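All remarks here apply to the structure that follows.
No value in this document is a laboratory result; all are computed from the given coordinates. None of these values were measured; they are calculated from a predicted model. Please note: Cβ atoms are built from the backbone with ideal geometry, for glycine as well, and neighbour counts cover all protein chains shown.
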Amino acid sequence: MPGIVVVGAQWGDEGKGKVTDLLAEHGDAVVRFQGGNNAGHTIVRDGVEWKLHLIPSGILHAGKQCVIGNGVVIDPKVLIDELEALRAKRIDVSSLRVSANAHLIMPYHLLLDSAGEAKLGQLQIGTTRRGIGPCYADKAARLGIRVQDLLDEKILKKKILAAMEPKRLSLRPFEKDPSLDLKSMIDEHLTYGHRLERHIADTSKLLWELLEGGASVIFEGAQGAMLDIDHGTYPFVTSSNPVAGAACVGTGIGPRAIDEVWGVSKAYTTRVGAGPFPSELHEELGDEIRRKGGEFGTTTGRPRRTGWLDLVALRYAARLNTLNALAITKLDVLSGFQTVQVCTSYEGAEGATFEDFPYHQTVLHHTTARLTELAGWSEDLGECRSLSDLPTAASEYLQFIEAATGVPIALVGVGPGREQVIWTDAGRQTLLATDGGQAAGQLNVAHSRP
Ligand code: GDP
Ligand code: IMO
Ligand code: MG
């Protein structure tokens, strides 16, 4: 496993943090390649919950190289706070390297994100208001401030002035906002530069050297395929490409360095923010899944919308990413339903059937889910560590997903804890490639029941 990409195969919050942390244990490096602190990735170890927004989910493993790639947008204050919080908990963050080419989320991006949402009123996207969209917009407009600019006062000042000039009108309501005071903005950012300097590097070269040397690198996606700015439910999307193809662009490595692409999906579906969601459940059932799954946003605390597993969207994500493995998380949350349902096709406005994800926004907005009912199970799955521990109905549920997507399941989540996982043979194959067989051997011992 020299290069393995882990991406969200739904609308985000699938459990990428947990899956990345599990793979990182056997890999050498973890790199984030897109998004910013709109992401919230949770890892639960020994009952302690860790929430990471910018720093890769490999950081909890001592000695692993962690990298924030050029495709990530960085709010420097958030990054420094996150580093501090980890240090305070005695996590060694010295290995973190941040691309000098990554773009910075500036104070005006935060204000413009909120202002943009307010202006949209009823039509708002429901962004995380972390300044993601305005920052990527400046990057495309070639008005972005990059990490390297923090190290040069003259350039920093020039670039901030150039970036703010075309925004004068939209920033007028914030004229008195202290975060926009030019002098303090520059001073503050120079301080950020000093504090981050030792982490700033040519991360593309660093990753190339690691891969050339045979190291295993995990590319940790944020958000999910359905939030992709090109392929998701535009305009109700994020402003980056969470699909696997972006792992190369967002880190500066070529496609031939990628060996595997893992898609993470919950056993059901959630979405935060506005936009189409054909399999959404509005009544008590939706509330029950939200309650059992603890479906409240890691970043904003917002209640997540919930629904049955959408296999049309999952097949689409499998194609967009050329997934070779699926990690199905939160299977435990579906325990206790007499029957469970999955969305196998969409019904269009005039009764048309869609087996494939419709490319046209209007068509998609008028679709509803056609559901297939499967047997439920009542057993608690929290202690299951192999497929044979699962109740028959739960196994059949997983088989149904594999058959519908054509993608083998590599691991199954049966609880939030990092040990609450079932590795399948497909998953073990990946680990075999990661660390020369040691990993799979360890797993057999660690996860087989006495
Ligand atoms: P990410 O953004 O994809 O990393 O996912 P989040 O961390 O935002 O949300 C996933 C949530 O589900 C977190 O609270 C995890 O601790 C939790 N989680 C992950 N896998 C499982 C699982 O298999 N079962 C249960 N019950 N919770 C899980
Ligand atoms: P992780 O990495 C779930 C959603 C927001 C909103 C849309 C645009 O934890 O899976 P943005 O702030 O990016 O401009 O908001 O995207 N969104 C996410 N939803 N998980 C995430 O990240 C998300 N990051 C952004 O809710 O609908
Ligand atoms: Mg999340």
Quiz item: How many angstrom lie between the C-alpha centres of the range 26-44 and the range 143-192?
Solution: 28
Self-check item: For Val363, net neighbour charge (Lys/Arg +1, Asp/Glu -1) across residues whose Cβ lies under 13 Å away
Solution: -3
Quiz item: In straight Cα distance, which lysines are under 18 Å from Lys16, not counting same-chain residues fewer than 8 positions off?
Solution: Lys51, Lys64, Lys266, Lys330
Self-check item: Separation in nanometres of the label points that stand 7 Å from Cα toward Cβ, at Arg195 and Ala426
Solution: 4.3
Quiz item: Given R₀ = 41 Å, FRET efficiency for Leu182-Leu387 by Cβ-Cβ distance, to 0.05?
Solution: 0.10
Exercise. Specify the inter-centroid distance of the range 81-109 and the range 112-140, based on alpha-carbon positions, in whole Å.
Key: 23
Quiz item: How much length, in nm to one decimal, is gained on full extension between Arg168 and His360, taken as 0.36 nm per residue of separation minus their Cα-Cα distance?
Solution: 65.6 nm
Quiz prompt | Sparse-neighbourhood loop sites, trypsin sites (Lys or Arg not before Pro) in the range 155-256 - DSSP loop, at most 11 other Cβ within 10 angstrom | solution = Lys176
Quiz item: Which of the lysines could a cross-linker bridge to Lys157, judged by Cα under 19 Å and excluding same-chain residues fewer than eight apart?
Solution: Lys77, Lys139, Lys167, Lys183
Quiz item: According to a simple spin-label model (label point 7 Å from Cα along Cα-to-Cβ), what is the distance in nm between Arg90 and Arg256?
Solution: 4.6
Exercise. Before anything else, pin down the relative contact order of the chain: Cα pairs under 8 Å, at least 6 apart, normalised by residue count, whole percent.
Key: 19
Quiz item: Per the helix-only calculation at 222 nm, which mean residue ellipticity applies to the chain, given -39500 (n - 2.57) for every DSSP H run of n ≥ 4 and division by its residues, nearest 500 deg cm²/dmol?
Solution: -10000 deg cm²/dmol
Quiz item: Taking Lys119 as the anchor, which aspartates and glutamates have their alpha carbon closer than 12 Å to its alpha carbon, excluding any fewer than eight residues away along the same chain?
Solution: none
Exercise. Can you tell me the relative contact order of the range 103-198? Whole percent, Cα pairs under 8 Å, sequence separation 6 or more.
Key: 30
Quiz item: Where does the chain land on Rg(C-alpha)/(2.2 N^0.38 Å)?
Solution: 0.97
Exercise. Give me the distance in nm between label points sitting 7 Å out from Cα along the Cα-to-Cβ direction at Thr339 and Glu175, one decimal.
Key: 6.4
Exercise. Please identify every one of the GluC sites (Glu not before Pro) in the range 250-337 that sits in a loop by DSSP and has no more than 16 other beta carbons within 10 Å of its own beta carbon.
Key: Glu283
